[in-house]
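**Q** Okay, here's the structure, questions in a sec.
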Amino acid sequence: MENKADFKYPHTFILLGASGDLAKKKIYPTIWYLYRDNLLPENTRFVGYARSKLTIEQIREQSKKYMKVRPGDEQKLERFWELNEYVAGSYDKRVDYEHLNQHLTKFEKGPVANRIFYLAVPPTVFDETTVNIRNACISIKGFTRIIIEKPFGRDDVSSEKLSNHLAGLFKEEQIYRIDHYLGKEMVQNLMTIRFANKIFSPSWNHDNIASVLISFKEPFGTEGRGGYFDSFGIVRDVMQNHLLQILSLVAMEKPVTLNPDDIRNEKVKVLRHIEPIELKDLLVGQYVGNPEGQGEEKLGYLDDPTVPKDSVTPTYALAGLFINNERWQGVPFILRCGKALNERKAEVRIQYKDVPGDIFDGHAKRNELVIRVQPGEALYLKLMSKKPGMKFDVVETELDLTYSMRYRDTDVPDAYERLILDVFTGSQMHFVRNDELKEAWRIFTPVLKKLEDEHIKPIPYKFGSRGPQQADAKLSAYDFKYSGSYKWKKPTVC
């Protein structure tokens, strides 16, 4: 791990794919926030690289509406852009990378100079890009680190090929496979909730927990990006990476220390206890237009002109996984994700078993510990209480830690901010290791292959609904009880 003292040396952050959507919407704003808050080494420069013949002024204009400049920060923003350069070049010609290297070397004064490459490039140019970085742009005076955006392959074979390709070019400690969900505040908080609170430890097992539901819901469709989405689908896009990573943090055993490799060792152990998903444990759906909706809601997935009219790519998926170890034997871990649903939400819902010996005539509902990842970070415990008044009635309520109420004066950083800063400091704790990736694809590849080989048609569901109606029966079969009688509401600031 890089010593903080190394921050005095020159660092260069090179963004490949600087002309793309991800760069202007996420990466340029993120490095601006890190610079604005004085979190980066003082001697840091930023270089964008892409095929387009652009200037840094044009890059600045493209990113402008995403930068969130606070009043009083205008001069600092000017200084930030003065530290930015742009170099145009191809992804497949070594001579262009040699030109980029000459450009980088101009600013690298002193005995040590470090480079971080962020690969926001299409998967189609990934191989040649990494080869050319290795052959022409490695720092000879300090570290070189490579940040890789998903997709990390489409299945176990392509993922293994990618991993072997990278292993032939870089050491594992140089590679940062970024899954932005691992940078979210409440995902990072899972470790603390689990291992710094004695109150949860005795009940965190199959004796007390009925099921664990990990959800990711979006209220919008593909928004014209259906062509890209159609080659991957919701299982690859969300479930195999984001949701499985959260599962491993919820279910893992306590690591020996907070060392990144100790943590990732425990995550891998959990994944190794999961059998590959079978078709009977997976429900897939595809949204159709809602005639009663407005605007985009009237359009279904197949109405997107970039999507093949006979596509069976799922936009919704629900899968049940089982961890065959002593702690979790028999407890269903349900992963659920979808587009064009009724709300935006990502959360972990740990549902406890029914209280034995019911004396409340069936009115007592199950306890739930809910970790809300977005929107509105919160941790709340759903429990039963006596309803105030003369009658002895029971009512559902919660013990609530809502971040916007409890930490009003604290800014929760964006996931990308946290993760890119981790790369500067050399911490791989919140990045995906090669063996984690291998286990994830082992679990999902067989069922993905069956979906495609057998051309299985997804269940249609209306834009703006909760998803396919059959999903409720599937949840029930996995011992998750949805009563619909209680809805947590984010507290309002008084």
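The values are calculated or read from the model by the stated rules, or taken from the named source; none is laboratory data. Every value quoted in this text rests on a predicted model; they were computed, and no experiment measured them. Backbone-built Cβ (ideal geometry, glycine too); neighbour counts: all protein chains shown. Areas reflect the complete protein model, heavy atoms only, side chains present, ligands, DNA and RNA absent. Shrake-Rupley method; radii C 1.70, N 1.55, O 1.52, S 1.80 Å.
**Q** Specify which of the listed residues (K53, K26) is more than 21 Å from S139 (Cβ to Cβ), open to solvent by 10 Å² or more (accessible area, probe 1.4 Å) and out of contact with any strand residue (DSSP E or B) (no Cβ under 7 Å at 6 or more places or on another chain).
**A** After ruling out the rest, the residue left standing is K26.
**Q** For E173, are the conditions met, namely being of a type outside the set (F, W, Y), open to solvent by 50 Å² or more (accessible area, probe 1.4 Å) and without any contact (Cβ under 8 Å) to a residue 60 or more places away in the chain?
**A** No, not satisfied.
**Q** Does D310 qualify as being modelled with pLDDT of 90 or more, surrounded by fewer than 21 Cβ atoms within 10 Å (Cβ to Cβ) and within 18 Å of F220 (Cβ to Cβ)?
**A** On the way: modelled with pLDDT of 90 or more: yes; surrounded by fewer than 21 Cβ atoms within 10 Å (Cβ to Cβ): yes; within 18 Å of F220 (Cβ to Cβ): no.
In short, no.
**Q** Which of the numbered conditions does M429 fail, given that it passes all the others? Conditions: (1) surrounded by fewer than 14 Cβ atoms within 10 Å (Cβ to Cβ); (2) at pLDDT below 90.
**A** M429 satisfies all of (1) surrounded by fewer than 14 Cβ atoms within 10 Å (Cβ to Cβ); (2) at pLDDT below 90 except (1).
**Q** All but one of (1) open to solvent by less than 50 Å² (accessible area, probe 1.4 Å); (2) in a helix (DSSP H, G or I); (3) farther than 28 Å from P29 by Cβ hold for R418; which doesn't?
**A** For R418, the failing item is (3).
**Q** While we're looking at this one, here's another question. Yes or no: region 281-294 includes at least one residue that is open to solvent by 30 Å² or more (accessible area, probe 1.4 Å), part of a helix (DSSP H, G or I) and either without any contact (Cβ under 8 Å) to a residue 60 or more places away in the chain or of a type in the set (F, W, Y) (or both). Can you show your working first?
**A** Of region 281-294, the ones open to solvent by 30 Å² or more (accessible area, probe 1.4 Å) are 288, 291-292, 294.
Subset that is part of a helix (DSSP H, G or I): none.
Checked against the condition, which is being open to solvent by 30 Å² or more (accessible area, probe 1.4 Å), part of a helix (DSSP H, G or I) and either without any contact (Cβ under 8 Å) to a residue 60 or more places away in the chain or of a type in the set (F, W, Y) (or both), region 281-294 yields no hits at all.
**Q** Where residues in region 87-106 are in a loop (DSSP other than H, G, I, E, B) and over 27 Å from the mean Cα position of the chain (by Cα), which of them is surrounded by the fewest Cβ atoms within 10 Å (Cβ to Cβ)?
**A** By that ranking, first place goes to K106.
One line per residue, one yes/no per condition, for (1) small (G, A, S); (2) open to solvent by less than 20 Å² (accessible area, probe 1.4 Å); (3) modelled with pLDDT under 90; (4) in a helix (DSSP H, G or I):
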{"residue": "D6", "(1), (2), (3), (4)": "no, no, yes, yes"}
{"residue": "S19", "(1), (2), (3), (4)": "yes, no, no, no"}
{"residue": "I31", "(1), (2), (3), (4)": "no, yes, no, yes"}
{"residue": "Y35", "(1), (2), (3), (4)": "no, no, no, yes"}
{"residue": "L39", "(1), (2), (3), (4)": "no, no, no, no"}
{"residue": "F46", "(1), (2), (3), (4)": "no, yes, no, no"}
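**Q** Report, by residue number, each residue of region 444-494 that is aliphatic (A, V, I, L, M) and at pLDDT below 90. Quick ask: steps written out before the conclusion?
**A** Our first condition is that a residue be aliphatic (A, V, I, L, M); within region 444-494, this holds for 447-448, 451, 456, 459, 471, 473, 475, 477, 493.
Result: V493, single match.
**Q** Then there's this: For region 107-128, name all the residues that are surrounded by 20 or more Cβ atoms within 10 Å (Cβ to Cβ), more than 24 Å from the chain's Cα centre (by Cα) and not aliphatic (A, V, I, L, M).
**A** E108, N114, R115, listed by residue number.
**Q** Spot the failing condition for S63; the list is (1) crowded, with 17+ Cβ neighbours inside 10 Å; (2) modelled with pLDDT under 95; (3) outside any helix (DSSP H, G or I), and only one is missed.
**A** Only one criterion is unmet by S63, namely (3).
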